[in-house]
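Okay, structure first, notes after.
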């Protein structure tokens, strides 16, 4: 039974990764820490490309609120508040991205405070 579960997980990862590669290119990983209030460009836009975020891991050591948007500026998600020591994980959901920018626009995180937050995200740009 355990071996079957392992095989199913591996197959899901392989199928998921291949679907991602079709939709916007190769998966890239960004790991960064932020401690600046206001808009921060997380991934710079490139002409005629779209940024798609497939997975996000975030942790904050101080109270903070995050708004994810692009440089249109179009809000891609509502404000999410974090207490000190809190975080969130957005796991991959099939081949659907959690966030997608407009063509050629930056991915922007708007932070409410200078409380430090660490981010790791998996994305494509294509």
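The values are calculated or read from the model by the stated rules, or taken from the named source; none is laboratory data. Not measured: the values here are computed from a predicted model. Cβ placement follows ideal geometry from the backbone for every residue including glycine, while neighbour counts extend to all protein chains displayed.
Worth pointing out:
- Close contacts from region 67-93, counting a first residue that is without any contact (Cβ under 8 Å) to a residue 12 or more places away in the chain and a second that is assigned to a strand (DSSP E or B), with Cβ to Cβ under 7 Å and a gap of 6+ residues or different chains, come to 75/67; 75/69.
- Test: residue 37 is over 12 Å from the mean Cα position of the chain (by Cα), free of Cβ contacts under 8 Å to residues at least 60 places away in the same chain, exposed (fewer than 15 other Cβ atoms within 10 Å of the Cβ) and on the phi < 0 side of the Ramachandran plot: no
- Residue that is modelled with the lowest pLDDT, among those in region 81-102 that are exposed (fewer than 13 other Cβ atoms within 10 Å of the Cβ) and on the phi < 0 side of the Ramachandran plot: 93
- Residue ID - nearest to residue 27 (Cα to Cα), chosen from residues in region 57-69 that are in contact with a strand residue (DSSP E or B) (Cβ under 6 Å, 6 or more places away or on another chain) and surrounded by fewer than 19 Cβ atoms within 10 Å (Cβ to Cβ): 57
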